[in-house]
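For reference, the structure discussed in these notes is given below.
The values are calculated or read from the model by the stated rules, or taken from the named source; none is laboratory data. Since the structure is predicted, the reported quantities are computational estimates derived from the model, not experimental observations. Don't worry about glycine lacking a Cβ; one is built from the backbone with ideal geometry, like all the others, and counts go over all protein chains shown. Side chains included, ligands, DNA and RNA excluded: accessible areas come from the protein's heavy atoms. Shrake-Rupley method; radii C 1.70, N 1.55, O 1.52, S 1.80 Å.
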Amino acid sequence: MGLASRVLFVPYRKSQPCSRGPTRHWSEMATNGRHTTTTTYVRWGMAIDLKRCTGCQSCTMACKVENGTPAGVFWMRVLEREEGTFPLAQTLYMPLRCNHCAEPPCVPVCPTGASYKRTHDSLVLIDQDKCIGCSACVIACPYQVRFVPRHKTGYHGDQFTPYEDVSYKRWQAGTAQKCTFCVHRLDQGLGPACVETCPTKALVYGNLNDPQSEISKLIRTRTHFQPRAEAGTDPSLFYLT
Amino acid sequence: MANLFNTELRAQQEWSWQLALDLFLGGLGGGLFLLYQTIDLPPVFALVSIGLVIAGAVVLLTELGHPLRAWRAIFKARSSWISRGVLLVSVFVVTACIHIAPTITNSSWRIWGGDDMGAKVISVAAALSALGITLYPGFVISASRSIPFWDTPMLPAIFFTQSMMGGCGILLLASAFDGGQGMPQAASLTIATIFLNLAMIAGYLLLMRRTGAPARESVRLLLQTRLRGLFWLGAVGAGMVLPLVLLSVQSAVGTATVAGALLLSGGLLFRYCMLKAGVYLPLPLAGIDLSKLNRTTDQLAREYSGWTARR
């Protein structure tokens with residue numbers, strides 16, 4: 001079991017508030033010869049190795065399959081940009097998803113509190129029962145990763161496939177939706193679908209508050225940047241270059 | 001859908017006609033009520049302003065994905081300008097109704113006399129909430145830091161002057177019904193607000209041209225490409241310049257009515273153009289020089305040299 005997976009099973013206390021400091025409240029201890037960790041809270045983050053990403057869109061597809069998002073909605077997608085001119089030309093790929101920012105601009109603009117930050121693991125989530133579909137969060141997000149599908153329309157129009165019949169029950173039309181960091185899988189001790197499916201292992205997730213986690217080590221050792229960090233959002237997404 | 005996968009500048013698609021109409025009606029109602037409070041207008045204008053604000057709220061409700069949950073929007077006034085707007089509209093409707101009730105009902109069931117402290121408090125509360133209604137659309141929009149074209153404190157001021165101009169437009173329209181009695185006053189007020197609006201919009205666009213690529217693209221959308229017809233001909237030409245010319249040249253009731261109608265249509269088009277010109281910050285890949293991912297051009301040339309030689 002990898003270190004990142006081990007961190008997944010670390011229990012957390014719900015009452016502890018989130019903090020932006022990467023190491024606050026973190027402690028380690030060795031127990032019975034095994035390295036185990038305890039923490040008071042978790043901050044899930046993801047590192048994306050841009051040197052490994054081949055732009056295969058597997059993560060995009062895995063996300064759609066896992067979360068049953070409607071046509072035109074991509075909680076995860078890989079941006080493409082062409083660089084240079086022939087013969088020195090190449091395509092750059094950049095997977096993009098909700099950054100689960102420590103200071104999410106989408107949360108304060110929400111008039112109903114439907115967009116919120118989960119206290120014990122800093123995930124930015126949407127309570128679909130509270131969302132009124134005003135799109136304020138969509139506009140406020142500097143990463144363009146929120147969507148408000150107005151109607152439940154399948155990939156074949158109003159005729160749903162059996163899969164769509166099941167998966168479309170997970171979301172409501174007319175409410176905002178975005179990447180949940182596969183919170184339903186995380187809560188079961190599994191990793192996000194995009195991470196699990198990436199064939200080049202370009203995506204690494206883990207607890208940013210654990211200095212021993214794989215993601216923390218990668219961030220320490222590799223050159224990286226956070227998207228639009230200048231906006232003061234403190235995203236939990238790191239691009240390794 | 002394809003533009004979700006590239007890094008080109010993208011204009012927002014979420015807010016469109018319905019929100020523009022909501023902002024227009026709400027601003028119009030707020031502006032008209034402020035005019036009613038500041039210059040001596042008949043109470044029917046206060047009634048119209050309340051109706052306009054309510055109509056704006058109804059339009060907004062129809063735009064929401066789940067209008068029946070809109071009551072939840074009163075709980076986040078500490079952080080959300082939409083929430084504050086909902087509270088302002090609610091306070092305005094209640095206080096303005098209480099304020100004008102004695103006048104409309106001919107004092108038969110007034111709660112307090114005209115000089116009563118309570119009446120003054122209600123009157124001030126109604127005026128302040130009307131002022132808030134004229135300002136808050138600007139704050140709602142400028143709170144979106146992901147769209148640099150909107151991210152400026154000038155917007156609330158522009159929306160305020162637009163609201164006052166809209167209020168003047170209604171006064172001009174109404175001059176057709178009162179035989180043009182209040183027209184000279186309304187015309188001079190309108191000319192002043194048009195000049196103020198033109199100056200503010202020009203200053204705003206000049207500022208935005210120098211603010212960065214996304215804001216520059218927004219200005220380009222407004223002035224040169226997709227929205228240029230609506231903006232130049234509709235919002236500026238028909239909505240401000242033509243009424244200005246009409247009111248300056250001829251002071252007839254018919255002219256004033258036409259100028260009022262033009263002002264109103266221009267105000268709606270202006271808000272629509274402002275919304276549709278909102279261009280997002282470029283997605284991260286576009287703003288950062290990742291060219292060749294840490295490989296210099298020389299390195300890349302060396303890397304590809306064998307390949308190019310083989311060709």
Residue-wise HN-Hα coupling along the range A:101-109, computed from phi with Karplus coefficients 6.51, -1.76, 1.60 (Hz; x: Gly, Pro): 4, 6, 10, x, x, 6, 6, x, 7
Segment B:Asn6-B:Ala77, length gained on full extension (0.36 nm per residue, minus Cα span): 21.9 nm
The range A:111-116 - phi-based ³J(HN,Hα) in whole Hz, Karplus 6.51/-1.76/1.60, Gly and Pro as x: x, 10, x, 5, 8, 8
Between 0 and 90°, nearest 10: helix B:81-104 axis offset from chain B longest Cα axis: 10 degrees
Percent carbon-and-sulfur accessible area, the protein assembly as shown, ignoring ligands, DNA and RNA, probe 1.4 Å: 60 percent
Charge dipole (debye, nearest 20) of the protein assembly as shown; +1 at Cβ of Lys and Arg, -1 at Cβ of Asp and Glu: 1520 debye
Principal-axis tilt of helix B:213-223 within chain B, Cα atoms, nearest 10 degrees: 50 degrees
Pairwise centroid distance, computed over Cα atoms, of the range B:1-67 with the range A:168-240, Å: 38 Å
The range B:33-161, dipole about Cα centre (Lys/Arg Cβ +1, Asp/Glu Cβ -1), debye to the nearest 20: 480 debye
Calculated [θ] (222 nm, deg cm²/dmol) that DSSP helices of n ≥ 4 give over chain B, each run adding -39,500 (n - 2.57): -22000 deg cm²/dmol
Delta accessible area of at least 10 Å² on complex formation, residues of the range A:92-129, 1.4 Å probe, chain isolated as reference: A:Leu92, A:Met94, A:Leu96, A:Pro108, A:Val109, A:Cys110, A:Pro111, A:Thr112, A:Gly113, A:Asp129
Gyration tensor (alpha-carbon) shape descriptor, the range B:13-143, a/c threshold 1.5: prolate
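A 24 angstrom limit on the alpha carbon distance is what I want to check against. Which of A:Lys152/B:Lys76; A:Lys51/A:Lys217; A:Lys178/A:Lys217; A:Lys117/A:Lys152 exceed it? Intermediate values should be presented prior to the final figure.
Numbers: A:Lys152/B:Lys76 29 Å; A:Lys51/A:Lys217 17 Å; A:Lys178/A:Lys217 28 Å; A:Lys117/A:Lys152 26 Å.
Violating the 24 Å Cα-Cα cut-off are A:Lys152/B:Lys76; A:Lys178/A:Lys217; A:Lys117/A:Lys152.
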Cα centroid separation, the range A:108-155 to the range B:195-237 (Å): 30 Å
Probe 1.4 Å, accessible area per residue of the range B:131-180, Å²: 28 Å²
Most positive-pole-ward Cα, B:Gly254, B:Leu32, B:Ile141, against dipole of chain B from beta carbon charges: B:Ile141
Rg(Cα) / (2.2 N^0.38 Å) computed for the protein assembly as shown, rounded to two decimals: 1.15
Interface residues, the range B:251-286 - accessible area loss of 50 Å² or more versus chain alone, probe 1.4 Å: B:Tyr280, B:Leu281, B:Leu283, B:Pro284, B:Leu285
Cα gyration tensor shape for the range B:66-222, rounded if a/c is under 1.5, else prolate or oblate: oblate
Threshold 20 Å² - residues in the range B:75-89 whose accessible area is reduced by that much or more when the chain is no longer isolated, probe 1.4 Å: B:Lys76, B:Ser79, B:Ser80, B:Ile82
In degrees, nearest ten, helix B:297-310 long axis to first principal axis of chain B (Cα): 50 degrees
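Which whole-number value in Å³ per residue fits the convex hull of the alpha carbons of the range B:154-296?
It comes to 100 Å³ per residue, whole-number rounded.
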Net dipole in debye of chain B [+1 Lys, Arg Cβ; -1 Asp, Glu Cβ; about Cα centre; nearest 20]: 1260 debye
Chain B: most fluctuating residue of B:Ala96, B:Ala261, B:Ala199 per GNM, C-alpha cutoff 10 Å: B:Ala199
Total accessible area lost when A and B pair, probe 1.4 Å, Å² to nearest 100: 4400 Å²
Amide H contacts of A:Leu96 (H built 1.01 Å from N, under 5 Å, at least 5 apart or other chain): A:Arg77, A:Val78, A:Leu79
